[in-house]
Amino acid sequence: MTSLAVTALQYRQNPPDVEGQGPFRYRLLAEGDSWMDKSGPALGALPQFLAEEMNRQRQSVLIINISTAGDTLRRITHVMQGEFGWWLDQFRYDGILLSAGGNDFIDAARDPDPGRGILRDMAGQALPGDGYDCVNQQALAKLIGRYLKPNFATVYGAIRSHPLNAATPIFLNSYDTPTARNAPAAPGTGPWLYAAYTKNHIDERLWPALTEGIFRDIEQTIGGWCTGRSQVYAVPTNGVLTAAPPATSGSRGDWANEIHPNKSGWRKLARVWAQELASRLS
C-alpha cells in the first residue's frame, strides 16, 4: 500500500505515473494557504506529512494538493471557477482538506496602518490589564461577520452544488497557537505577528495573551463554519504543538518559524488529521 501527496502540476504532467502507484482507498483534494502548501523554502506542509502518517498506518491515500502559500479565503473564493473548480470536475473525492482564515486574520493585524486593522494602536495608551484588550472588537466583528463568514459560505456552496462532490466531507484546519517572535520563514517573508504588534506599539509583555486570544478567535470562527452544514469538520489541532520560547529565532519547539510548524510539528498534526479522517470516512 502507498500513500502519496502530489502537487497539481505533478499530477497533470503524468497522470498514469501517479495512478500507477495505486489503487488508492481514499482520494483527497487539499486547498488553502501555506499550512497546506509549504511552510518554508526547505520544508513541506501538512499533505506530505499526512501521506507519511497514512503510510505508517498502511493506508493507501492520494492527496492532490492545489494550495498556494499566502492565500487568503477571499483569493480561494476567486479561484472557485478556476483551478479549484476544474479539480472538482475531475473526481469524486473522499474528502476535501481546507486551510483558510489564518492569513486573513494575520493580514488584518499586520498590513493596515497602526490602529486601522483588528489591533488598536497602543502608542501613548495606558498598559491594559490583558493583552487581548489590544484587539479592536468592532474591526474583528466586521472581519468575521462581513468577510470570512460569507466567503466560506461561497466555498461551501460551490462544493455542495457540484454534481460530483455535493456530499464530499470537508475538513478544516484549526491551526495552533504560535509564539509572536522575530522568526521569519526566509528573508523578506515574515515575521507576521511580531511585525503587527510592533507596528501597533503593543508592549511585549502583552503578546502571549494577545496571541492566545487571536488564535482562540480563529479557532472559534472556523468551528462556527461547521454549524448547520453537512459533513464539515474542524480538525482539533489547537494545543497540539510545543510552543517556541519568546524572543527566539529559527526553529524552536515544534515551530520552524513564527507561524509555521517544523517537521516534528507536522508529524504531530498529521497524526491528529489521520485520526479525524479515520473517524469520518467510511
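Structure above, values below:
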quantity: Computed over the range 175-229, Cα set: Rg, Dmax in Å; calculated: 13.6, 43
quantity: For Val135, distant residues with modelled amide H under 5 Å away; calculated: Arg120
quantity: Protein-only accessible surface order, largest first, of Arg216, Arg205 at 1.4 Å; calculated: Arg205, Arg216
quantity: q = 0.09, 0.13, 0.14 Å⁻¹: log10 I(q)/I(0) that the Debye formula gives for the chain, counting C-alpha atoms only; calculated: -0.42, -0.86, -0.99
quantity: Efficiency of FRET from Cβ geometry, Trp86 and Ala209, R₀ 51 Å, rounded to 0.05; calculated: 0.70
quantity: Environment charge at Leu193 (Cβ cut-off 11 Å; Lys +1, Arg +1, Asp -1, Glu -1); calculated: +2
quantity: The range 177-269 - percent of accessible surface contributed by carbon and sulfur, probe 1.4 Å; calculated: 51 percent
quantity: Calculated log₁₀ intensity ratio I(q)/I(0) where the Debye formula runs over C-alpha points of the range 190-282, q = 0.10, 0.21, 0.25, 0.26 Å⁻¹; calculated: -0.35, -1.15, -1.34, -1.37
quantity: Convex hull of the range 106-243 built on C-alpha atoms - directionally averaged projected area, nm²; calculated: 9.9 nm²
quantity: Peptides 99-109, 263-273, 129-139 ordered by average Cβ neighbours within 10 Å, highest first; calculated: 99-109, 263-273, 129-139
quantity: Farthest toward positive dipole pole in the range 104-201 [+1 Lys/Arg, -1 Asp/Glu at C-beta], among Leu119, Leu164, Thr154; calculated: Leu164
quantity: Nearest 10 degrees, 0 to 90: helix 149-160 Cα axis against the chain principal axis; calculated: 0 degrees
quantity: Accessible area (Å², per residue) of the chain, counting only protein heavy atoms and a probe of 1.4 Å; calculated: 44 Å²
quantity: Helix 207-224 axis, angle to the chain major axis (alpha carbon atoms, nearest 10°); calculated: 40 degrees
quantity: Sequence-separation-based contact order of the chain, relative, with Cα cut under 8 Å and 6+ spacing, percent; calculated: 20 percent
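The values are calculated or read from the model by the stated rules, or taken from the named source; none is laboratory data. Keep in mind it's a predicted model, so treat the numbers as computed, not measured. Quick reminder, even Gly has a Cβ in these numbers, built from the backbone with ideal geometry, and neighbours come from all protein chains shown. Just the protein is used for accessible areas: all its heavy atoms, side chains included, with ligands, DNA and RNA removed. Shrake-Rupley method; radii C 1.70, N 1.55, O 1.52, S 1.80 Å.
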